[in-house]
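Working notes for the structure below.
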Amino acid sequence: MAQGDGFSPMDWPVIRQLNQQDLWGLGQTAASSRTESLKARTGEADKVIPSVCPYCAVGCGQLVYVKDERIIDIEGDPGSPISNGCLCPKGAATFQLVTGSHRVSDVLYRRPYGTEWEKIPLERAMEMLAARIKKTRDENWEDKDKDGNPLRRTMAIAHLGGATLDNEENYLIKKLFTSLGIVQIENQARI
């Protein structure tokens, strides 16, 4: 720094530490006007929503901080009996998973016998999925067995839920799929 810019060698942190006998730099000598003005970005959140980390079957608790309907931070939940506020590196990076510019926000679709992926809107993909489930169900519906006993099922569709689905989500999936006549339903719920 040049002379006359308002900064003197006496302002250097090392000099302040020696003058104030704060050899470890843990006291006021480590502070600056910038550090004094810093505050947590979570302090400005409109609401805090408790959640569960989506990565594995452990089910670590998370706190999702929201401001103006946008996520501003995700941290470990100290009140969680599972993780006591701790998150693994993947769980700690959940904020980037949700808000990162690299996140895929379009549905990629490859037509039958196609060699290229094309981007389609989520609504269209959901309509295609619903139509295919209905078509498969209708084409493979078993209303009665050979003796005339009612079956009302399809064996052409099955569901295997992942380990990050909790019991409540699996309950709803079971209700939905059973209403469609699907009987091959399993999950790995651990949370």
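The values are calculated or read from the model by the stated rules, or taken from the named source; none is laboratory data. All values derive from a computational prediction rather than experimental measurement. Methodologically, a virtual Cβ is constructed for each residue, glycine included, from the backbone with ideal geometry; neighbour enumeration extends over all protein chains shown.
Against the numbered list (1) within 28 Å of Gly161 (Cβ to Cβ); (2) of a type in the set (D, E, K, R); (3) not assigned by TED's automatic domain parsing to the domain that holds Ala93, Glu75 comes up short only at (3). Scanning region 29-58 for residues that are of a type outside the set (D, E, K, R) and in contact with a Lys or Arg (Cβ under 7 Å, 6 or more places away or on another chain), which turns out farthest from Gln188 (Cα to Cα)? The qualifying residue farthest from Gln188 (Cα to Cα) is Thr29.
Count of region 17-75 residues, restricted to those that are outside any helix (DSSP H, G or I) and within 30 Å of Ser101 (Cα to Cα), is 34. Among all residues of region 137-148, there is at least one that is under 26 Å from Ala189 (Cβ atoms) and out of contact with any helix residue (DSSP H, G or I) (no Cβ under 8 Å at 6 or more places or on another chain). Criterion first (surrounded by 14 or more Cβ atoms within 10 Å (Cβ to Cβ), out of contact with any helix residue (DSSP H, G or I) (no Cβ under 8 Å at 6 or more places or on another chain) and within 29 Å of Asn187 (Cβ to Cβ)) does Val107 satisfy it? So Val107 does not fit the description; no. When the strands (runs of 3 or more DSSP E) confined to region 94-191 are screened for residues that are over 19 Å from the mean Cα position of the chain (by Cα), those reaching at least 3 such residues are found at 118-120, 141-144, 150-160, 182-186. Taking the criterion of being out of contact with any Asp or Glu (no Cβ under 7 Å at 6 or more places or on another chain) and surrounded by 12 or more Cβ atoms within 10 Å (Cβ to Cβ), the residues of region 86-97 that qualify are Cys86, Leu87, Cys88, Lys90, Gly91, Ala92, Ala93, Thr94, Gln96, Leu97. Against the condition in contact with a Pro (Cβ under 6 Å, 6 or more places away or on another chain), among the hydroxyl-bearing types (Ser, Thr, Tyr) and surrounded by 12 or more Cβ atoms within 10 Å (Cβ to Cβ), how does Thr164 come out, does it pass? The answer is yes for Thr164. With respect to (1) of a type in the set (Ser, Thr, Tyr); (2) exposed (fewer than 12 other Cβ atoms within 10 Å of the Cβ); (3) closer than 28 Å to Ala158 by Cα, the lone exception for Tyr55 is condition (2). For region 165-191, a residue qualifies if it is acidic (Asp, Glu) and closer than 15 Å to Thr154 by Cα, but none of them does.
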